[in-house]
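The values are calculated or read from the model by the stated rules, or taken from the named source; none is laboratory data. Since the structure is predicted, the reported quantities are computational estimates derived from the model, not experimental observations. Counting neighbours? That spans all protein chains shown, and the Cβs are built from the backbone with ideal geometry, glycine included.
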Amino acid sequence: MTSRAAATRYARALFDVASKESDIQQAGRDLAGFDQLVAGHDSLPKILSTPAIPAPKKRAIVEQLIARAGSLSPVVAKLLLLLADRDRLVLLPEISSAYQQRLMDHAKVVRAEIVTAVGLPSDRVAALQQGLANLTGRQVQLESRVDPSIIGGAIARVGSTVYDGSVTRQLEKMKETLTAGS
């Protein structure tokens, strides 16, 4: 099983348990906060992911971190201790990311990115956001980026779907048509 698949399973299990026993939003904040705490130290990510350090020592470290963190939700604390016991703390960043994605799916929110050759005024970005929301049937968190190499037009990425209306792509299509004809 790949690490992404394992992380997705842990995130799904945490979401299911948190939805029954606790607050799913708080669990997400706690998990992300703990992940940031670990990532914020120079040596902590290495220590928790190194197979040479036995799982009981990693569990002791996680217990101390949980105690210092203060009010972690019990379901997140249990997950962290389970990961330490199974020596799977290396998955923590991926679990956190998968859990955040699960929260967004639950709230019917999708991330999208719009790439244009020049910066867009805020009213145009809002109109694009509304258009993508109508297209997907979900609320859209839109991130706008400028890439002059596309010459003109726009490229929208919604999840794994790409809508490419760039001038560069249109020129590529014309080239393909012309070379196929000869």
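Things worth noting here:
- Taking first residues from region 27-47 that are β-branched (Val, Ile, Thr) and partners that are part of a helix (DSSP H, G or I), the Cβ contacts under 6 Å between residues at least 6 apart in sequence or on separate chains come to VAL38/LEU44; VAL38/PRO45.
- Residue count, region 158-182 (criterion: touching a residue at least 40 places away in the same chain (Cβ under 8 Å) and in a helix (DSSP H, G or I)): 1
- LEU128 fulfils the conditions (1) free of Cβ contacts under 8 Å to residues at least 24 places away in the same chain; (2) in a helix (DSSP H, G or I); (3) over 30 Å from ALA6 (Cβ atoms) except for a single criterion, (1).
- Among the candidates ARG124, ARG111, residue that is within 28 Å of SER160 (Cα to Cα), within 20 Å of the chain's Cα centre (by Cα), surrounded by fewer than 16 Cβ atoms within 10 Å (Cβ to Cβ) and among the basic types (Lys, Arg): ARG111
- Tally, over region 1-26, of residues that are free of Cβ contacts under 8 Å to residues at least 24 places away in the same chain and not in a helix (DSSP H, G or I): 2
- For VAL76, the requirement of being assigned to a helix (DSSP H, G or I) and over 20 Å from the mean Cα position of the chain (by Cα) is not met.
- Number of the condition not met by ALA98 [criteria: (1) part of a helix (DSSP H, G or I); (2) touching a residue at least 40 places away in the same chain (Cβ under 8 Å); (3) not assigned by TED's automatic domain parsing to the domain that holds GLN36]: (3)
- Pairs linking a residue in region 73-89 that is within 10 Å of LEU14 (Cα to Cα) to a residue that is buried (at least 18 other Cβ atoms within 10 Å of the Cβ) and not aliphatic (A, V, I, L, M), with Cβ atoms under 8 Å and 6 or more positions apart or on different chains, are VAL76/ASP30; VAL76/PHE34; LEU79/TYR10.
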